[in-house]
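Have a look at the structure below before the remarks.
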Ligand SMILES: [Zn+2]
């Protein structure tokens, strides 16, 4: 029987980042606690599984041995100036006890999810502790030390799966894009706040891949203030046709919740309804989904968004049923409906006007640059 696997271990919370760093490793456990309290974590075909740490062999399929050695030394409390060369010991990627232990476990979780999908054991795998999409082969960046997303997608690709990786974190998926930039077996699609106004400063529409990968890297930079309806328009007009044309065996999804209105590090105005709706649209392709967490610096909002994401991944998101006119079929208690979804957040007229104007130009450019590579 194929299962839906929530991949988590309390050990993932044993190595917290320093308090000065906004990346909070308790978010996955908080999402899990919400789901447990609502009776939605496990049951029927839904299981929870603890990940093993990623092996050195798997890590070296993306990361350099020199960088891995440095990160292990950092884990032991050793620090030398050479580490700055690897982006270690900076404000964004501080040195802390357990940095290696946390990172290899988060990677092991995404790799395990990918392996289960390749083996046909899982139709859905969700690693809320992953989504570390800014890590490069020999460089830490943006709170990310080891890139579990790349390792997960690579595991799928080695299992002869063609993959569409969609990244809905507010930051551009620079590390993942770079890893697959010249390949056509893993398509990367990133929706993110425009790089001119947010880290890491990349992800422009002109970045479309190179060589055999030309047309297989897609970037949709979004203006500040982007609201739900505009975001979903981008997904429907660009993302869905590309997935359809590519015809993947597996979908991978990075669910950063730093797109949500009120996130302290970014400037979009989304509600978590978008996350559930995007997952609903992906599920309609009928393919296995490997999902990870990601950013999200309002801890409570992020935990609730990931709890909602798990229900949506499992096809149990009541809001979507209600929206489709099937209201209530999944409801078992009166307070479940709308309990995880945010209230609708209507944009102001001025916001709508300025976002629409910029977004329409962007979507036209992406279609012009990328669609012809896929017969669209
Ligand atoms: Zn982010």
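Structural remarks
- Yes/no for residue 200 being surrounded by fewer than 20 Cβ atoms within 10 Å (Cβ to Cβ), part of a loop (DSSP other than H, G, I, E, B), at pLDDT 95 or above and under 16 Å from the mean Cα position of the chain (by Cα): yes
- Residue 205 within 19 Å of the chain's Cα centre (by Cα), modelled with pLDDT of 95 or more and more than 15 Å from the ligand (Cβ to nearest atom): no
- Taking the listed residues 240, 232, 251, 156, the one that is more than 16 Å from the ligand (Cβ to nearest atom), under 22 Å from residue 104 (Cα atoms) and outside any loop (DSSP other than H, G, I, E, B) is 156, with no other qualifying.
- For residue 317, the stated conditions do not hold, so it cannot be described as more than 26 Å from residue 144 (Cβ to Cβ), more than 16 Å from the ligand (Cβ to nearest atom) and at pLDDT 95 or above.
- Filtered residue count, the range 283-299, keeping only those that are within 16 Å of the ligand (Cβ to nearest atom), under 19 Å from residue 124 (Cα atoms) and part of a loop (DSSP other than H, G, I, E, B): 2
- Residue-level analysis places residue 170 among those that are closer than 23 Å to residue 235 by Cβ, within 14 Å of the ligand (Cβ to nearest atom) and in a loop (DSSP other than H, G, I, E, B).
- Residue match in the range 178-185 (condition: more than 17 Å from residue 132 (Cα to Cα), in contact (Cβ under 8 Å) with a residue 60 or more places away in the chain and surrounded by fewer than 24 Cβ atoms within 10 Å (Cβ to Cβ)): no
- Within the range 1-31, being farther than 12 Å from residue 106 by Cβ and touching a strand residue (DSSP E or B) at 6+ places or on another chain (Cβ under 7 Å) holds for 2, 3, 4, 5, 6.
- Being more than 16 Å from the ligand (Cβ to nearest atom), in contact with a strand residue (DSSP E or B) (Cβ under 7 Å, 6 or more places away or on another chain) and over 17 Å from residue 188 (Cα atoms) holds for only one residue in 280, 225, and it is 225.
- Failed criterion for residue 263 (all others in (1) in a loop (DSSP other than H, G, I, E, B); (2) touching a helix residue (DSSP H, G or I) at 6+ places or on another chain (Cβ under 8 Å); (3) away from the ligand (no atom under 16 Å from the Cβ) hold): (3)
- Taking the criterion of being part of a helix (DSSP H, G or I), touching a helix residue (DSSP H, G or I) at 6+ places or on another chain (Cβ under 8 Å) and over 30 Å from residue 3 (Cα atoms), the residues of the range 74-117 that qualify are 74, 75, 82, 83, 99.
- The range 118-150: number of residues that are surrounded by fewer than 24 Cβ atoms within 10 Å (Cβ to Cβ), within 16 Å of the ligand (Cβ to nearest atom) and in a loop (DSSP other than H, G, I, E, B): 2
- Boolean, residue 258 is more than 15 Å from the ligand (Cβ to nearest atom) and either at pLDDT below 95 or assigned to a loop (DSSP other than H, G, I, E, B) (or both): no
- Output for the range 300-314, where each listed residue is out of contact with any helix residue (DSSP H, G or I) (no Cβ under 6 Å at 6 or more places or on another chain) and either within 16 Å of the ligand (Cβ to nearest atom) or not in a helix (DSSP H, G or I) (or both): 301, 314
- Condition met for residue 195 (within 16 Å of the ligand (Cβ to nearest atom), surrounded by fewer than 21 Cβ atoms within 10 Å (Cβ to Cβ) and within 19 Å of the chain's Cα centre (by Cα)): yes
Every residue, every condition in (1) closer than 24 Å to residue 257 by Cβ; (2) in a loop (DSSP other than H, G, I, E, B), yes or no:
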site: 152; (1), (2): yes, no
site: 164; (1), (2): yes, no
site: 187; (1), (2): yes, no
site: 204; (1), (2): yes, yes
site: 212; (1), (2): no, no
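To keep it simple, each residue is scored yes or no on (1) surrounded by fewer than 22 Cβ atoms within 10 Å (Cβ to Cβ); (2) closer than 28 Å to residue 23 by Cα.
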position	(1), (2)
218	no, yes
224	yes, yes
241	yes, no
261	yes, yes
264	yes, yes
294	no, yes
298	yes, yes
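The values are calculated or read from the model by the stated rules, or taken from the named source; none is laboratory data. Remember, predicted model here, so these are calculated numbers, not experimental data. No Cβ is skipped: glycine too gets one built from the backbone with ideal geometry, and neighbour counts run over all protein chains shown.
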